[in-house]
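The values are calculated or read from the model by the stated rules, or taken from the named source; none is laboratory data. On a predicted model such as this, the values are computed, not experimentally measured, just so you know. Cβ sites come from the backbone with ideal geometry, for glycine too, and all protein chains shown count toward neighbours. Quick note on the areas: whole protein, heavy atoms, side chains included, nothing else; ligands and nucleic acids left out. Shrake-Rupley method; radii C 1.70, N 1.55, O 1.52, S 1.80 Å.
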Amino acid sequence: MDAPSAGYAFEYLIETLNDNSSKKFFNVPKLGGTKYDVLPYSIRVLLEAAVRNCDGFLMKKEDVMNILDWKTKQNIVEVPFFPARVLLQDFTGIPAMVDFAAMREAVKTLGGDPKKVHPACPTDLTVDHSLQIDFSKCAIQNAPNPGGGDLQKIGKLSPLKMQPKKLPCRGQTTCRGSCDSGELGRNSGTFSSQIENTPILCPFHLQPVPEPETVFKNQEVEFGRNRERLQFFKWSSRVFKNVAVIPPGTGMAHQVNLEYLSRVVFEEKDLLFPDSVVGTDSHITMVNGLGILGWGVGGIETEAVMLGLPVSLTLPEVVGCELTGSSNPFVTSIDVVLGITKHLRQVGVAGKFVEFFGSGVSQLSIVDRTTIANMCPEYGAILSFFPVDNVTLKHLEHTGFDKAKLKSMETYLKAVKLFQNDQNSSEPEYSQVIQINLNSIVPSVSGPKRPQDRVAVTDMKSDFQACLNEKVGFKGFQIAAEKQNDTVSIHYEGSEYKLSHGSVVIAAVISCTNNCNPSVMLAAGLLAKKAVEAGLYVKPYIRTSLSPGSGMVTHYLSSSGVLPYLSKLGFEIVGYGCSTCVGNTAPLSEVVLNAVKQGDLVTCGVLSGNKNFEGRLCDCVRANYLASPPLVVAYAIAGTVNIDFQTEPLGTDPTGKNIYLHDIWPSREEVHQVEEEHVILSMFKALKEKIEIGNKRWNFLEAPDSVLFPWDLKSTYIRCPSFFDKLTKEPVALQPIENAHVLLYLGDAVTTDHISPAGSIARSSAAAKYLTNRGVKAVLAESYEKIHKDHLIGIGIVPLQFLPGENADSLGLSGRETFSLTFPEELSPGITLNIKASTGKVFSVIASFENDVEITLYKHGGLLNFVARKFS
């Protein structure tokens, strides 16, 4: 099925881009004048797609005008939307591509040319969205410590990948000494494990150490187990136009979508238009942080788009979220993201678009924006849209975007008023406006016993003292007032220290789960750098550690030059797996343990993980706080949580001058600059190379290149589906439904989501035999959600609806009857039909077709049959 003609009804809006006479675009603002100028940016994207794809059938002029009249038509009308592209992950990619392969067979059988069968829009498919782990390295081995120390033995590696003991200095600017000196590292000679499938890097020279054998073993098993699937995907990428397969070993669908597949502005045959996407992953919404309209849909809707049909949606309300003010200097990106998420959840934005504007938007990095957009499921919005602005363009430049394309993109977006902060654009009007003052978001920690007990950092000292007074419970420790100021002296490494209630004895920086945002890890590193330069240090008895979520964290901490300073404060990399969070903390020294028991002290652990239950880190540490990575470093330097950072210093410099937290806390601007310069560019460059070069196993994987897929009749996985077997050149007349039994009689609020799409029915089971011998012809319900009704029509099942006020109970239906139904020669939207039950009862129902397109699909027996006949 060919893509809709490019806006033939609105060809008069096509203009040439000022900076390049060969590039054209639909100048949609001219269509609506002042109406267009007050549309939310996200609705402007919907409108452009409608104008460009208006063909008078699937997209009508009426649909275009409804979108233009969004202000009065929101929540009232449904409109079609043609996204620019589709994204599939592995599970949903298989059935979609099998359907296209089967359609080629059907088209050939009907006398057509199977070579014409292709997806109607660009389709990207990620092969390894899901990963099964067969091999892992859980025990600590003798891998070199990237945080400093001698390079001695290394863990068992692939025989052909062994590496020398020492890496010579090659004059890199980050060098602070020879690679094996351990000059800035504490506890020289310690080692850690490499668990993730990423290379270990020397912090001074960024020389990659070979990957562990684990990743190669897992990939080998993966290619063996899934060879049939991978060969089919490779065949699909060869024979189908518009299909790009992202090779194994690259990454998850939503991450690859954000980091590699996103165009922001599409260019197709010199026609420019906004990038947009739907796909079978709930995290598709991440790309809205880049100004790309996108959201997750079901597999049937996604395949429908691939077949040339639009996604249908009720014209949504758009909630404008105005960000104002400046964030607290101690607030991290995680604080901002969680603060905004909490506010949106409280306001109630379920089923709506959210669009951000205001002076505070420019303070959010692209990482912040995509994280907020990714959390749509947390607050129920369809999507959260950040229009393209200067921050977006700067980010794209850092990702290696072609400068000429970037210039054309900026010119185009400003011409169609899709560029935020453009002087020529008017302020949009929203269904509702909510305001979030970034000043209201305060840095906080959680504890001392439960992750849900949040404490503002400014209240930390008073809250901890209150915990000492409270009865033993979720927060209290019930320490007698006369004992709350007790101290116990210890001697450690030749010096004397005093422990008291609130003393920090464990400090762990962990970049997993809620702290995988690069900005917070970089903030910790920059704070460590400033602390070391100011002469501050961490007391040696505090058990410090740094456990990144992946080797990529090591990479950007190294390339930004902050890892040696973390090491200097004792935060050396101990491995890449779960450690402190799950209680795998190295034992505290006997001196500390004895002092805690002697004074019955409530000592503390501070970590940037997600678990802090009492005694979890160590049975002698009763108070545990979850904090952002930079706050973990700050509390480690302070040596106590019983401190007011606003009025009390962390320590003193060599001259005796007090150093406060605000003196060494990095600004958000500093963090964003380092993030863009040292994280973004290297990450995107590495990903691009991985995708474009592929890997040896994928590159050398044999796959057929025939026009038709050579089905293996012995296969139990990929089989040619049978629904095309009886397909005729022309659709047959609608047949009556006679003596149909009720398969399922269900209660309210039941959807197809209640049946796992990953579930299966064994071929040899009684259920499978029963279902294959009978066709499920109609569904009768009191009401339908749009998406589920579309599913039914898409597979050739008529959606019937009880008349208003009627249902199975009111009509006295038990579900044990059989039912018969005849169709008139011509169907029309909303037509009333009569059903006769075996009891003799006759009642009326509504055929829930909303337009001619749905009736056409049903007459053809479903979407696939319709498209197959179009190709024939």
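For the reader, a short list of remarks on this structure follows.
Residue-wise test of (1) modelled with pLDDT of 85 or more; (2) open to solvent by 10 Å² or more (accessible area, probe 1.4 Å); (3) under 34 Å from the mean Cα position of the chain (by Cα); (4) not hydroxyl-bearing (Ser, Thr, Tyr).
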| residue | (1), (2), (3), (4) |
| --- | --- |
| Tyr537 | yes, yes, no, no |
| Leu557 | yes, no, yes, yes |
| Gly561 | yes, yes, yes, yes |
| Leu566 | yes, no, yes, yes |
| Leu569 | yes, no, yes, yes |
| Asn584 | no, yes, yes, yes |
| Gln598 | yes, yes, no, yes |
| Val621 | yes, no, no, yes |
| Leu631 | yes, no, yes, yes |
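- Only residues that are within 29 Å of Pro316 (Cβ to Cβ) and among the basic types (Lys, Arg) were counted across region 783-817, and they come to 2.
- Filter result for the condition that a residue is part of a helix (DSSP H, G or I), in contact (Cβ under 8 Å) with a residue 40 or more places away in the chain, open to solvent by less than 30 Å² (accessible area, probe 1.4 Å) and in contact with a helix residue (DSSP H, G or I) (Cβ under 7 Å, 6 or more places away or on another chain), over Leu864, Leu857: Leu857
- A single entry from Leu396, Leu406 fulfils the requirement of being crowded, with 18+ Cβ neighbours inside 10 Å and either in a strand (DSSP E or B) or among the hydrophobic types (A, V, I, L, M, F, W, C) (or both): Leu396.
- Condition met for Asn374 (within 22 Å of His672 (Cα to Cα), at pLDDT below 90 and not aromatic (Phe, Trp, Tyr)): yes
- For Thr580, the criteria (1) at pLDDT below 80; (2) open to solvent by 30 Å² or more (accessible area, probe 1.4 Å) hold in every case but one, which is (2).
- Cβ pairs under 7 Å, 6+ apart, first in region 21-33 and part of a strand (DSSP E or B), second open to solvent by less than 30 Å² (accessible area, probe 1.4 Å) and of a type in the set (Phe, Trp, Tyr): Phe25/Phe273; Phe25/Tyr412; Phe26/Phe10
- For region 243-280, filtering for residues that are under 27 Å from Ala703 (Cα atoms) and either of a type in the set (Asp, Glu) or modelled with pLDDT of 90 or more (or both) leaves 1.
- Some residue of region 333-345 being assigned to a loop (DSSP other than H, G, I, E, B) and either open to solvent by 10 Å² or more (accessible area, probe 1.4 Å) or under 18 Å from Ser667 (Cβ atoms) (or both): no
- Leading residue by the ranking (surrounded by the fewest Cβ atoms within 10 Å (Cβ to Cβ)) among those in region 746-760 that are farther than 28 Å from Lys859 by Cβ and at pLDDT 60 or above: Gly747
- Some residue of region 714-735 being small (Gly, Ala, Ser) and closer than 30 Å to Phe401 by Cα: no
- Take the conditions (1) at pLDDT 90 or above; (2) in contact with a His (Cβ under 6 Å, 6 or more places away or on another chain); Val504 misses just one of them, which is (2).
- Within region 13-34, the residues that satisfy the criterion of being among the basic types (Lys, Arg) and surrounded by 15 or more Cβ atoms within 10 Å (Cβ to Cβ) are Lys23, Lys24.
- Spans of strands (runs of 3 or more DSSP E) in region 426-491 with at least 3 residues crowded, with 16+ Cβ neighbours inside 10 Å: 444-446
- Residues (among the aromatic types (Phe, Trp, Tyr), open to solvent by 50 Å² or more (accessible area, probe 1.4 Å) and more than 16 Å from Pro95 (Cα to Cα)) located in region 696-733: Phe700
- Among (1) under 31 Å from the mean Cα position of the chain (by Cα); (2) closer than 27 Å to Leu261 by Cβ; (3) of a type outside the set (Gly, Ala, Ser), the one test that Pro704 misses: (1)
- If you check Ala84, Ala101 for being more than 30 Å from Trp711 (Cβ to Cβ) and open to solvent by less than 30 Å² (accessible area, probe 1.4 Å), only one passes: Ala84.
- Subset of region 46-67 (residues that are open to solvent by 10 Å² or more (accessible area, probe 1.4 Å) and of a type in the set (A, V, I, L, M)): Leu58, Met65
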